[in-house]
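Below you'll find the structure, written out as structure tokens, and then a few comments.
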Amino acid sequence: MKYKVQLTDEAGNVFLYDVSCSSSDEEKNLNDFILEALQISEDKRKLPLKTQCPNGLEVYPSIKMKFKNYGSPLLGDKLEAMHITWRD
């Protein structure tokens with residue numbers, strides 16, 4: 001299933017995105033997470049989004065890129081996954 005999402009910013013600029021579910025033989029990805037989040041009722045989506053740190057502190061999550069063997073894009077390492085983390 002494929003969804004077309006249209007976002008308009010404060011300046012009136014329109015952005016179009018395709019969001020599709022992964023197949024059953026693939027690992028879940030960021031598109032799956034976005035679609036799951038959109039299934040939450042609109043009033044609950046307005047609540048603060050928090051992730052819990054190992055020390056119990058609650059912070060807004062960050063999205064990071066994970067490179068193979070925890071390498072670097074500057075070294076030409078391959079992008080392996082996206083991480084949602086408590087670290088800034």
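Rule-based calculations on the coordinates, nothing more; no lab input. For clarity, every value in this text was computed on a predicted model and none was experimentally measured. We place every Cβ from the backbone using ideal geometry, glycine too, and count neighbours over all the protein chains shown.
List of remarks:
- Over the range 48-88, relative contact order from alpha-carbon pairs under 8 Å, at least 6 apart, %: 41
- Average Cα contact separation per residue, the chain, under 8 Å, 6 or more apart, as relative contact order %: 17
- If only the Cβ of Lys and Arg carry +1 and only the Cβ of Asp and Glu carry -1, the dipole of the chain around its Cα centre is close to 160 debye.
- Extension reserve of the residue 86-residue 59 stretch, reckoned as 0.36 nm per residue once the Cα distance is removed: 9.1 nm
- Kirkwood hydrodynamic radius over Cα pairs of the range 48-88, then Stokes diffusion coefficient at 37 °C and 0.692 mPa s, in µm²/s: 288
- Cα-derived Rg to Rh of the chain, Kirkwood definition: 1.01
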